[in-house]
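*Asks:* My questions will all concern the structure given below.
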Amino acid sequence: MSVRTFAVVVGLAFLLGGGAILFVMLAVEAPSGALIPCGNSLGIGFEEPAASAAGPAYVDICADLRHRRLLWGLPVIGLGALLLIGSLVGFRRATRR
């Protein structure tokens, strides 16, 4: 396996892994044991009235969880994109020689 192929495979893995990090749903467990859905890190699937009904603090807790997940997932996607772009640019230079 060449270095370029390895970079493409690793870049795709990071890109898809980062996408999974962004789109996996989050939930908070209430003291009663019920799960309060927080949506994913992009805010899709979050229902503020439902979280607020369980307790006003859960809206802020969900926002903090989504923010942390977003700050963790974006660099993973960025690294994957850089590896893919680098492998494509390196591949084009090698074929022009």
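No lab work stands behind these numbers, since they all come straight from the coordinates. None of the values given here were measured: they were computed from a predicted structure. Backbone-built Cβ (ideal geometry, glycine too); neighbour counts: all protein chains shown.
*Asks:* Separation between the ALA53 and VAL3 pseudo-spin-labels, each 7 Å from Cα along Cα→Cβ, expressed in nm?
*Replies:* 5.8
*Asks:* Still on this model: Could you work out which residue, out of SER41, SER32, SER87, moves most in a Gaussian network model of the chain, that is, has the largest mean-square fluctuation with Cα springs under 10 Å?
*Replies:* SER32
*Asks:* Then there is this: Given only helices, namely DSSP H runs of n ≥ 4 each adding -39500 (n - 2.57), what is the per-residue ellipticity at 222 nm of the chain, to the nearest 500 deg cm²/dmol?
*Replies:* Taken over the chain, the calculation gives -24500 deg cm²/dmol.
*Asks:* Along the charge dipole of the chain, which of PHE6, PRO31, ALA51 sits closest to the positive end, that is, farthest toward it, with unit charges on the beta carbon of Lys, Arg, Asp and Glu (+1, +1, -1, -1)?
*Replies:* PHE6
*Asks:* In addition: Out of residues 5 or more away from CYS38 or on other chains, whose amide H comes under 5 Å of its own, with H placed 1.01 Å from N in the peptide plane?
*Replies:* Those qualifying (amide H under 5 Å, at least 5 residues apart or on another chain) are LEU26, ALA27, VAL28.
*Asks:* Follow-up question, since we're still on this one. Nearest 10 degrees, 0 to 90: what angle lies between the long axis of helix 57-96 and the longest principal axis of the chain (Cα atoms)?
*Replies:* Helix 57-96 sits roughly 10 degrees off the main axis of the chain.
*Asks:* Mind putting a number on the dipole of the chain about its Cα centre? Charges go on the C-beta only, +1 for Lys and Arg and -1 for Asp and Glu, and I need it in Debye to the nearest 20.
*Replies:* Details: 8 positive and 5 negative charges, 224 e Å.
Roughly 1080 debye, rounded to the nearest 20.
*Asks:* How big is the Rg/Rh ratio for segment 3-90, C-alpha atoms only, Rh by Kirkwood, two decimals?
*Replies:* On the way: Rg = 17.0 Å, Rh = 14.3 Å.
Ratio value, two decimals: 1.19.
*Asks:* Using Cα atoms only, what is the angle between the long axis of helix 3-23 and the major principal axis of the chain, expressed in degrees (0 to 90) to the nearest 10?
*Replies:* Relative to the chain, helix 3-23 is tipped by roughly 10 degrees.
*Asks:* How far, in nm, would the chain grow between LEU65 and LEU42 when pulled straight, counting 0.36 nm per residue and subtracting the alpha carbon separation? Before the final figure, lay out the partial values.
*Replies:* Values: separation 23, 0.36 × 23 = 8.28 nm, distance 1.09 nm.
Between LEU65 and LEU42, full extension yields an extra 7.2 nm.
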